[in-house]
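Chemist: Can you read through this structure? Questions will come right after.
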Amino acid sequence: MEFSERLLERLKVAYTVGVLTGAGISAASGVPTFRGKDGLWNKYRPEELANFEAFQTNPKLVWEWYDWRRKLIQQVKPNLAHYALVDMERIFPEFAIITQNVDNLHQRAGNQHVIELHGNILRSKCSRCGKPYLQEFDVKQGIPTCPDCGGLIRPDVVWFGETLPENNLHQAQEFAMASEVFFAIGTSAVVEPAASLPYIAKGNGAYVVEINPEDTPLSDAADEHLKGPADQILPALVIELEKIR
Ligand code: OAD
């Protein structure tokens, strides 16, 4: 696989490299994406499952859906794209993954600096007092409630209409501003505020590289669009990086 001289020149000297990831990076692990041909949102409507009103109206339905996804995620493994990002963290002095994924696969692969924008499906929290819960619940036995305040316990993910964890978003924006090269990998680049991060990076001088087999709203604005699956492109890029760094 060939990479442009411009990209390799940037990567040869880059100190700070940021990466925004979306569901597409986990596609090769067998985690379904949200949009696209086999996307989850073709089968389910986000407003039915991924918002707080839905949870209040029908917590059982919402929990069963998350329980299904949680079990699926526990059975899959990180793929070559995740592992290539572990190599990149070793290569660049300042490196962060900013992820919209809730699947924990970057952490399982071994990346240290992961900023979660949309929470983590393996964690839960009280919907009333916010107390975090790390244990699993058997939701078939009923909706778990918080022993402290009696509120319903919910998955610790960000739903439509909810704000992102403020601290994480701030860190992500700061990192995008500082990045010399910024990758947007496996994201349809339509859900804000994550979708703005590549533009923030570009506005502050970063060379923006999209990795996605499809075109997205970002494609024209990116300096390069590497069109293909991340699990093929990223390992090939790491081979080039090992030669030039
Ligand atoms: P999407 O499902 O919207 O987009 C997945 C992207 O991955 C698409 O653009 C695909 O073309 C691309 N893709 C598929 N296979 C790929 C591969 N092997 N390598 C690289 N790219 C591939 O997922 P996100 O952009 O992550 O939020 O969605 C953003 C947010 O919308 C999610 O975090 C979730 C969702 O609704 C919430 O639930 C709040």
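The values are calculated or read from the model by the stated rules, or taken from the named source; none is laboratory data. Bear in mind the structure is a predicted one, so any value in this text is a computation, not a measurement. Here Cβ is always computed from backbone atoms with ideal geometry, including for glycine, and neighbour counts include all displayed protein chains. Heavy atoms of the whole protein, side chains included, go into the accessibility calculation; ligands, DNA and RNA do not. Shrake-Rupley method; radii C 1.70, N 1.55, O 1.52, S 1.80 Å.
Chemist: Please report the relative contact order for the chain, taking Cα pairs under 8 Å with a sequence separation of at least 6, and give it as a percent rounded to a whole number. Don't skip to the end; give the middle numbers.
Modeler: On the way: 430 pairs, mean separation 59.8, N = 245.
Averaging sequence separation for qualifying contacts and normalising by length gives 24 percent for the chain.
Chemist: Where nothing but the Cβ of Lys and Arg (+1) and of Asp and Glu (-1) is charged, how large is the charge dipole of the stretch 1-110 around its Cα centre, in debye to the nearest 20? Before the final figure, lay out each step's value.
Modeler: On the way: 14 positive and 13 negative charges, 48 e Å.
Here the stretch 1-110 has a charge dipole of around 240 debye.
Chemist: Calculate one ³J(HN,Hα) per residue across the stretch 148-158 by plugging θ = phi - 60° into the Karplus curve 6.51 cos²θ - 1.76 cosθ + 1.60, and present them in order as whole Hz with x for glycine and proline.
Modeler: 6, 10, x, x, 6, 7, 10, x, 8, 10, 8
Chemist: Could you list which residues have their amide H under 5 Å from that of Ile98, counting only those 5 or more apart in sequence or on another chain, with H placed in the peptide plane?
Modeler: Residues meeting the amide H criterion: Val19, Leu20, Thr21, Ile115.
Chemist: Enter the accessible area per residue of the chain (Å², integer; probe 1.4 Å; all protein chains in place).
Modeler: Numbers: 11710 Å² over 245 residues.
Per residue, the chain has an accessible area of 48 Å².
Chemist: Then there is this: Give me the percent of accessible area attributable to carbon and sulfur for the chain, probe 1.4 angstrom. Write out the running numbers ahead of the final one.
Modeler: Details: 5900 of 11710 Å².
Roughly 50 percent of what the probe reaches on the chain is carbon or sulfur.
Chemist: What spacing in nm lies between the two simple spin-label points modelled at Ile143 and Glu53, each 7 Å away from Cα in the Cβ direction?
Modeler: 1.6 nm
Chemist: Same structure, new question: Quick one: helix 80-91 against the long Cα principal axis of the chain, what's the angle to the nearest 10°, folded into 0 to 90?
Modeler: The angle comes out at about 60 degrees.
Chemist: Mind checking the full-extension length gain between Leu152 and Gln112? Use 0.36 nm per residue of separation minus the Cα-Cα distance, one decimal, nm. Could you put the intermediate results ahead of the total?
Modeler: On the way: separation 40, 0.36 × 40 = 14.40 nm, distance 3.17 nm.
Here the segment from Leu152 to Gln112 would lengthen by 11.2 nm.
Chemist: Hey, what angle do you get for helix 59-75 against the long axis of the chain, alpha-carbon based, 0 to 90 degrees rounded to 10?
Modeler: Result, in degrees: 40.
Chemist: Evaluate the charge dipole of the chain about its Cα centre and quote only its size in Debye, nearest 20, assuming +1 on the Cβ of each Lys and Arg and -1 on the Cβ of each Asp and Glu. Walk me through the numbers on the way to the answer.
Modeler: Values: 24 positive and 32 negative charges, 148 e Å.
Dipole of the chain, to the nearest 20 debye: 720 debye.
Chemist: Treating cross-link reach as a plain straight distance, find the aspartates and glutamates whose alpha-carbon is under 18 Å from the alpha-carbon of Lys140, omitting any fewer than eight places away in the same chain.
Modeler: Within reach: Glu64, Asp67.
Chemist: Give a residue-ordered list of calculated ³J(HN,Hα) values for the stretch 3-19 (Karplus: 6.51 cos²θ - 1.76 cosθ + 1.60, θ = phi - 60°; whole Hz; x for Gly, Pro).
Modeler: 10, 5, 4, 4, 5, 5, 4, 4, 6, 4, 10, 5, 9, 10, 10, x, 9
Chemist: Let me ask you something else. Just tell me which aspartates and glutamates come within less than 18 Å, Cα to Cα, of Lys227; anything on the same chain fewer than 8 places away is out.
Modeler: Glu2, Glu5, Glu210, Glu214, Asp215, Glu240
Chemist: Charges only on Cβ, +1 for Lys and Arg, -1 for Asp and Glu: so what's the dipole of the stretch 109-245 about the Cα centre, in debye to the nearest 20? The partial results should precede the final answer.
Modeler: Details: 10 positive and 19 negative charges, 111 e Å.
Value, rounded to 20: 540 debye.
Chemist: Hey, another quick one. Relative to the first principal axis of the alpha-carbon coordinates of the chain, what is the inclination of helix 166-178, with its axis defined by its Cα atoms, in degrees from 0 to 90 and to the nearest 10?
Modeler: It works out to around 10 degrees.
Chemist: Between Ala236 and Asn167, what FRET efficiency follows from the Cβ-Cβ distance if R0 is 35 Å, with the result rounded to 0.05?
Modeler: On the way: r = 35 Å, r/R0 = 1.00.
Step by step, r from the Cβ atoms, then E = 0.50.
Chemist: Does anything in the stretch 222-242 have its amide N under 20 Å from the 7 Å Cα→Cβ label point of Asp87, and if so which residues?
Modeler: The answer is 226-242.
Chemist: Kirkwood Rh over alpha-carbon pairs of the stretch 29-71, then Stokes-Einstein at 25 °C and 0.890 mPa s: what D in µm² s⁻¹, rounded to an integer?
Modeler: On the way: Rh = 11.0 Å.
Reported coefficient: 224 µm²/s.
Chemist: Under the rule of -39500 (n - 2.57) per DSSP H run of 4 or more residues, summed and divided by the residues of the chain, what mean residue ellipticity at 222 nm is obtained, to the nearest 500 deg cm²/dmol? Let's see the in-between values first.
Modeler: Values: 10 runs with 92 residues, N = 245.
The helix contribution divided over the chain gives -10500 deg cm²/dmol.
Chemist: Answer with one residue from Pro147, Ala27, Ala14: the one whose Cα lies farthest towards the positive end of the charge dipole of the chain, charges on Cβ with Lys, Arg +1 and Asp, Glu -1.
Modeler: The listed residue farthest towards the positive side: Pro147.
Chemist: Then there is this: Can you give the FRET efficiency to the nearest 0.05 for Asn204 and Asn42, using r as the Cβ-Cβ distance and R₀ = 41 Å?
Modeler: Working: r = 36 Å, r/R0 = 0.88.
Computed FRET efficiency for Asn204 and Asn42: 0.70.
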